[in-house]
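The values are calculated or read from the model by the stated rules, or taken from the named source; none is laboratory data. Quick caveat, the model's predicted, so the values are computed rather than measured. Every residue, glycine among them, receives a Cβ derived from its backbone with ideal geometry; neighbour counts consider all protein chains shown.
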Amino acid sequence: MVCPNAKPGRILVVDDEPLILQVLETILQGGGYSVELAGGAEQALAILARSNFDVIITDFQMPGLKGDEFAMEVKARTPRQRIMMLTGMPEQVPALGQPPVIDIILRKPFRSQDLLQTVQNLLNDARQDSPPSIEGHPDFSPAQLYF
């Protein structure tokens, strides 16, 4: 759904849990973003075949393609696509590879403002064509792409 006061930035949210999709849509639209929802990786790939997004937010644990497998598919088609993964267990996410297929991992639970700030950082970085920024996140260390 498109928010009437949308900021520049289209967000695709991918999660198999409808309640999580609803919550993320509410937060992101409240932040002024245009949001589209997908109930899983396969649906998201179909949406991506016809639409472009500035940021993709995906869950890790989903039936069918997991979030990291979905991200590999997306990056194979669109290497500069910004992808954020949400997970409660970032240590279970396989190595991100070089170049990484996941730009940043946001650990669940998270605060709404952390989600919105991370999305804004990814949008800013994409516009500058630079690596994902972790400014303002004191818990970040180069050995872990999550906070």
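Values as computed for the structure displayed
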| quantity | calculated |
| --- | --- |
| Checklist (1) basic (Lys, Arg); (2) under 15 Å from the mean Cα position of the chain (by Cα); (3) modelled with pLDDT under 90 applied to ARG127, failing item | (2) |
| Test for GLN113: is it exposed (fewer than 15 other Cβ atoms within 10 Å of the Cβ), modelled with pLDDT of 90 or more and assigned to a helix (DSSP H, G or I) | yes |
| Condition check for GLN43: without any contact (Cβ under 8 Å) to a residue 40 or more places away in the chain, surrounded by fewer than 16 Cβ atoms within 10 Å (Cβ to Cβ) and farther than 25 Å from GLN117 by Cβ | yes |
| Which numbered condition LYS108 fails, given (1) in contact with a Leu (Cβ under 7 Å, 6 or more places away or on another chain); (2) modelled with pLDDT of 90 or more | (2) |
| Any chance ASP59 is crowded, with 17+ Cβ neighbours inside 10 Å, touching a Gly at 6+ places or on another chain (Cβ under 6 Å) and more than 20 Å from VAL23 (Cβ to Cβ) | no |
| Residue in the range 1-19 that is surrounded by the most Cβ atoms within 10 Å (Cβ to Cβ), counting only those that are in a loop (DSSP other than H, G, I, E, B) and at pLDDT 95 or above | ASP15 |
| Residue within the range 71-90 that is over 18 Å from ALA126 (Cα atoms), surrounded by fewer than 18 Cβ atoms within 10 Å (Cβ to Cβ) and without any contact (Cβ under 8 Å) to a residue 24 or more places away in the chain present | yes |
| Qualifying residue in the range 43-58 (condition: touching a Leu at 6+ places or on another chain (Cβ under 7 Å), at pLDDT 95 or above, outside any loop (DSSP other than H, G, I, E, B) and of a type in the set (Gly, Ala, Ser)) | yes |
